[in-house]
Amino acid sequence: MSYKDEINMDKLPKHIAIIMDGNGRWAKKRLLPRKMGHKAGAKTLEDLTRAADKLGIKHLTVYAFSTENWKRSEEEISGIMDLLRNYLNGYIDKSDKENIKMDVIGEKSALDIDIQEKIKIIENLSAEKTGLNLHIALNYGGRDDILRCVKKIAQKVADGEVTPNDITEEMISDSLDTGFYPDPELVIRTSGEERISNFLLWQIAYSEFVFNNKLWPDYTEEDLYKDICYYQNRDRRFGGR
């Protein structure tokens, strides 16, 4: 029996966030170049995106490239960006066959111009789609997100649009990169690591966490269903009793 059969369809999380960790270790275990791990991870993302869409999940945010990932070798970064280009091109080619809406969060201005242009094309192509909302975090960091949010609000104060007393949690949430969709109820991290790694720091204040020991390229649809079941069996009290 599949864990899918155990899922309560009336209690699906509206938003799942995934830290896709373990591509490099997956490749190392197989004596392969790191870029092959990232390629396998991209295929896993495609499979999981379709599975989440079929299940009825409305929002999926995936951590694809962090602000800290620029510290990696030029060769690895170049390989990741080439894979990103291929992934984006693949979405464009299949856009008429998919009902998945895609956008990118993070500081996009640091990405190569051709990647920025592909992102704009995809966001325009998918704007009216009604299935899963796939949010890809590229050059994203939770602290950077909050910093940019603070600057936006500070500018509004300087311009006389709001006063300091007008600032609320809702205003902060609305000014983040994710201001147009609900906070994640479930955060999944693969590879056995148990860190947040600067991901959605404000947004995951009340999220449930599942740390899966599988490396990301080995993560399957069945693992997703299992982790959703774990989530549904938890008692979410939000600080109450």
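The values are calculated or read from the model by the stated rules, or taken from the named source; none is laboratory data. Since this is a predicted model, take the numbers as computed values, not measurements. So basically every Cβ, Gly included, is an ideal-geometry build from the backbone, and we count neighbours across all protein chains shown. Areas reflect the complete protein model, heavy atoms only, side chains present, ligands, DNA and RNA absent. Shrake-Rupley method; radii C 1.70, N 1.55, O 1.52, S 1.80 Å.
Listing for the model above:
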{"item": "Subset of the stretch 1-27 (residues that are charged (D, E, K, R) and either buried (at least 21 other Cβ atoms within 10 Å of the Cβ) or closer than 18 Å to ILE57 by Cα (or both))", "result": "LYS4, ASP5, GLU6, ASP10, LYS11, LYS14, ASP21"}
{"item": "Selection status of LEU147, open to solvent by 50 Å² or more (accessible area, probe 1.4 Å) and at pLDDT 95 or above", "result": "yes"}
{"item": "Residue pairs meeting the criteria (Cβ under 8 Å; at least 6 apart or on separate chains; first under 17 Å from ALA51 (Cα atoms) and of a type in the set (Gly, Ala, Ser), in the stretch 126-139; second part of a loop (DSSP other than H, G, I, E, B) and open to solvent by 40 Å² or more (accessible area, probe 1.4 Å))", "result": "GLY131/GLU98; GLY131/ASN99"}
{"item": "Selection status of ASN233, surrounded by fewer than 12 Cβ atoms within 10 Å (Cβ to Cβ), modelled with pLDDT of 95 or more and farther than 21 Å from SER66 by Cα", "result": "no"}
{"item": "Unmet requirement for ARG189, which otherwise passes all of (1) open to solvent by 40 Å² or more (accessible area, probe 1.4 Å); (2) charged (D, E, K, R); (3) in contact (Cβ under 8 Å) with a residue 60 or more places away in the chain", "result": "(1)"}
{"item": "Hits in the stretch 81-131 (condition: at pLDDT 95 or above, touching a Phe, Trp or Tyr at 6+ places or on another chain (Cβ under 9 Å) and open to solvent by 50 Å² or more (accessible area, probe 1.4 Å))", "result": "GLU107"}
{"item": "Number of the exception - GLU221 against (1) closer than 30 Å to SER2 by Cβ; (2) surrounded by fewer than 18 Cβ atoms within 10 Å (Cβ to Cβ)", "result": "(2)"}
{"item": "The lone exception for LEU60 - which of (1) more than 17 Å from ASN99 (Cβ to Cβ); (2) in contact with an Asp or Glu (Cβ under 9 Å, 6 or more places away or on another chain); (3) among the aliphatic types (A, V, I, L, M) it fails", "result": "(1)"}
{"item": "LYS156 among the basic types (Lys, Arg) and free of Cβ contacts under 8 Å to residues at least 24 places away in the same chain", "result": "yes"}
{"item": "Some residue of the stretch 28-36 being of a type outside the set (Ser, Thr, Tyr) and open to solvent by less than 40 Å² (accessible area, probe 1.4 Å)", "result": "no"}
